[in-house]
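S.K.: Below is one structure. I have some questions about it.
The values are calculated or read from the model by the stated rules, or taken from the named source; none is laboratory data. Since the structure is predicted, the reported quantities are computational estimates derived from the model, not experimental observations. Neighbour counts run over all protein chains shown; Cβ positions are idealised from the backbone, glycine included.
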Amino acid sequence: MARSAHQKEKLLVLLEVLSRESDQEHPVTTARLIQALAARGVSAERKSVYDDLETLRELGYDVVTERGRGHFLASRDFELAELKLLVDAVQSSKFISEGKSRSLIKKLERLCSDHQAGSLHRQVYVTGRVKTMNESVLYSIDAIHEAISANRRLRFRYFDYNAAKEKVFRRDGAVYEVSPVGLLRSDESYYLVALDARSGQRRHYRVDRMASPAVADAERASGCGEIDMGAYARRHFGMFSGRDRQVRLRCPNGLAHVILDRFGMDVMLIPDGPGHFALTVEVTVSQQFYGWLFGLGPEVELTAPADVREEYLAALRAAAERHQ
């Protein structure tokens, strides 16, 4: 009976060895396959191994046999280049903690051969990067998506860190209840865009500063699904509050790619004198917007409206005075 039970594992063992030990540069021999089967209590002859490999092909697995070299799994769900891209995304994401980053990368390594996993591992530079201290951020994101999908409000507590790196809960630890609109990524962090249940005002919440998020019984406020998150993201410079205004900018032609990256290809760039263009866009006016504008250089001019222009000039004068 035990022998029969082990025999049932035969195809699984072969597939496991091919997945973990083989790729195009590292085929495994028939002798290695027989050895791996024996280690699991399955006796096999060369002919039966060839028959089993053919069965795997019939089941849709891309098993290649090369005479004189051996056997390997030629294609997988993810190509090595795709896995490298995913590893890069995980290790560079500030909102994923160091421990969770290592755990996710280990799981990604299991999607390729051991030899290829080595090349993935050499890309990992997690230690020393600025990472969130909140291990549960991925579960918070899942709770947010669940609330949006169910058209329900979200409940959570919200905190900051003090100079001693201790959590300090806002509102003395009281529970927030909001109507979630969507998630945005800004400045390497995830933010929840939501409508406050009490005031109805739009708020932003750092997802890694949310504690114990849970789906509430009450339905979301009406209109949540009507907000264009793409347009909303283009207007905001960092997730800081401000007032939405239409502004006019005059920029040198050499910065056209910067403007299009920020506001999208639909924005209209109008020629405005030698080597310059002008555009009118809606933005959320804030200190972060002014900082972005200043970072484009002295040739970029905020021409209208007059009150926003004057506020920007006042901010520049104040900064200059502090650094004199």
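S.K.: For the stretch 196-245, which residues satisfy the criterion of being modelled with pLDDT under 90, at positive phi and under 23 Å from the mean Cα position of the chain (by Cα)?
M.R.: Answer for the stretch 196-245, where residues must be modelled with pLDDT under 90, at positive phi and under 23 Å from the mean Cα position of the chain (by Cα): just 238.
S.K.: Give the residues of the stretch 279-324 that are of a type in the set (S, T, N, Q) and modelled with pLDDT of 95 or more, sorted by residue number.
M.R.: Residues satisfying the conditions are 280, 303.
S.K.: Please list, ordered by residue number, the strands (runs of 3 or more DSSP E) wholly in the stretch 174-273 having 1 or more residues that are within 22 Å of residue 145 (Cβ to Cβ) and of a type outside the set (Ser, Thr, Tyr).
M.R.: 176-186, 189-196, 202-206, 210-219
S.K.: Does the stretch 279-324 hold any residues that are among the acidic types (Asp, Glu), in contact (Cβ under 8 Å) with a residue 40 or more places away in the chain and loosely packed, with under 14 Cβ neighbours inside 10 Å, and which are they? Explain how you work it out, then say what you get.
M.R.: Here is the first cut: in the stretch 279-324, the ones among the acidic types (Asp, Glu) are 282, 299, 301, 307, 310-311, 321.
Add one more test, that the residue is in contact (Cβ under 8 Å) with a residue 40 or more places away in the chain, and what stays is 282, 299, 301.
Within the stretch 279-324, 282, 299 qualify.
S.K.: Quickly run through the stretch 103-130 and pick out the residues that are at pLDDT 85 or above, under 19 Å from the mean Cα position of the chain (by Cα) and among the basic types (Lys, Arg).
M.R.: If the condition is that a residue be at pLDDT 85 or above, under 19 Å from the mean Cα position of the chain (by Cα) and among the basic types (Lys, Arg), then 106, 107 are the ones that fit.
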